[in-house]
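> Below is a structure I'd like to ask you about.
The values are calculated or read from the model by the stated rules, or taken from the named source; none is laboratory data. None of these values were measured; they are calculated from a predicted model. Reconstructed Cβ throughout: ideal geometry from the backbone, glycine too, with neighbour counts over all protein chains shown. Remember, those area values only see protein heavy atoms, side chains included, never the ligands or the DNA or RNA. Shrake-Rupley method; radii C 1.70, N 1.55, O 1.52, S 1.80 Å.
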Amino acid sequence: MLIRGDTFDVAIEDGVIAAVGAGLAGGGEELDARGLAILPGVVDAHVHLNDPGRSDWEGFASGTAALAAGGATTCVDMPLNAHPPTVDAASFDAKAAALRGVARIDVALWGGIVPGNLEELDELAARGVVGFKAFMANSGIPDFAAADDLTLYEGMRRAATLGLPVAVHAESDAITSGLLARATGTTMRDWAASRPAVAETEAIARAIHLAEAAGCALHVVHVSTGAGVALVAEARGRSVDVSCETCPHYLVLDEADAERRGAVAKCAPPLRAAAERDALWRAIDEGTLPMVASDHSPSPPAMKAGEPLHAWGGIAGAQSTLELLVRDVPTDVLGGFAARRLGLGGKGRLQPGADADLVLVDLDDPHVLRAEDLRQRHPISPYVGRTLPARVRRTILRGHTVYADGRLPGEPIGRLVTP
């Protein structure tokens, strides 16, 4: 295939990018992409697709269909909220089997660190996880317990010997659990008050200290505050191997949106004040915040009903990341950095030798997101009704179109990918 663009063309052979340049010679199938941006497919390194075990929340078929419609060609599935979570070889194998034949895009897997599974990390590494995820606070899922400091430190030491990073949900369990127990109201404001910024910054600082002592590569997921990013940047400045990500909801929504939208906008950490949102944008501009991931964390509608304080705390938004942000962030933030950080060398770059994973985007097609446009299992998202400034026209995985103008052509061809 040869994709013709306005300023450059992309030649594809056997699912791999063969050449990128102006005026490339044809000879096979040609696709006219003039008028569209030709970009690397999104690598969404933080999704919860919940298969197997909680596929009534989401599943590999529906979740990857939504990701494909949003321009993603690779995702990295978290160890929870599948049941059982991916904490040993058997659960890894079950998840790999669940995605086979139904995934619309390529899928990599995180393993988990929980109390008692230290001896299982080697076999997870041998299976091909990209790294290990740990919660420093209550995960909200009974079968994925938070890692106490000793569990986290020993897990980091083992991960270091395996050459894999540890990702942490960095919120202080002591602070968040204590404040939640004292909550007298049940509103979104009460939820935010139970998870203040200091809970995040305290945990980030502690995780950096433990990782530095363990000699482990650290990745801090869904940072919601400028101070959190600054802690990571300071540690990197003294050669600690640490990185961080934020999410679209922290960049385009704030605490006022949370109060207005209710539980559909509930997440942990919670949406912050507009000043924190602005600080995250500055960090992206300065290069200290190099990665955005969706943290797609869906649930059945009933779990978002009732009092917001007790509703499920997850935002479903994997389909909207690119269309929300592509006009304002470098494309490397949407995939290239994640692919490099997690050892997925064939992904996230528009260069010869890389997988032919591309997305064609109309940068000048603002449109209102409707619930019926969503491909995920439950059409619930805080972005419904919002005007998205760009539109994905086509998503190409290893040279094959997996999404085009509202359609999902052909059989699913997504596969398990490993570092």
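> Any idea how many residues of region 269-289 are aromatic (Phe, Trp, Tyr) and crowded, with 22+ Cβ neighbours inside 10 Å?
Within region 269-289, residues that are aromatic (Phe, Trp, Tyr) and crowded, with 22+ Cβ neighbours inside 10 Å number 0.
> With the condition kept exactly as written, say whether any residue in region 160-172 is out of contact with any strand residue (DSSP E or B) (no Cβ under 9 Å at 6 or more places or on another chain), under 28 Å from PRO84 (Cβ atoms) and in a helix (DSSP H, G or I).
Scanning region 160-172 turns up at least one residue that is out of contact with any strand residue (DSSP E or B) (no Cβ under 9 Å at 6 or more places or on another chain), under 28 Å from PRO84 (Cβ atoms) and in a helix (DSSP H, G or I).
> Working carefully through the options ASP357, ASP362, find the one that is open to solvent by 20 Å² or more (accessible area, probe 1.4 Å), charged (D, E, K, R) and in contact (Cβ under 8 Å) with a residue 40 or more places away in the chain.
Criteria check complete, one pass: ASP362.
> Is it fair to say VAL168 is β-branched (Val, Ile, Thr), over 24 Å from GLY314 (Cα atoms), open to solvent by less than 10 Å² (accessible area, probe 1.4 Å) and under 21 Å from the mean Cα position of the chain (by Cα)?
no
> Hey, could you check region 179-217 for residues that are more than 23 Å from the chain's Cα centre (by Cα) and assigned to a loop (DSSP other than H, G, I, E, B) and say which is nearest to ARG277 (Cα to Cα)?
Out of the qualifying residues, it is SER194.
> Counting residues that are aromatic (Phe, Trp, Tyr) and open to solvent by less than 30 Å² (accessible area, probe 1.4 Å), which helices (runs of 4 or more DSSP H) fully inside region 30-149 reach at least 1?
60-69, 89-99
> For ALA390, only one of the following conditions fails: (1) touching a Gly at 6+ places or on another chain (Cβ under 8 Å); (2) surrounded by 19 or more Cβ atoms within 10 Å (Cβ to Cβ); (3) of a type outside the set (Phe, Trp, Tyr). What is its number?
Unmet for ALA390, out of (1) touching a Gly at 6+ places or on another chain (Cβ under 8 Å); (2) surrounded by 19 or more Cβ atoms within 10 Å (Cβ to Cβ); (3) of a type outside the set (Phe, Trp, Tyr): (1).
> Which residues, counting only those in region 217-229, are open to solvent by 10 Å² or more (accessible area, probe 1.4 Å) and more than 10 Å from LEU280 (Cα to Cα)?
Scanning region 217-229 gives a single hit, ALA217.
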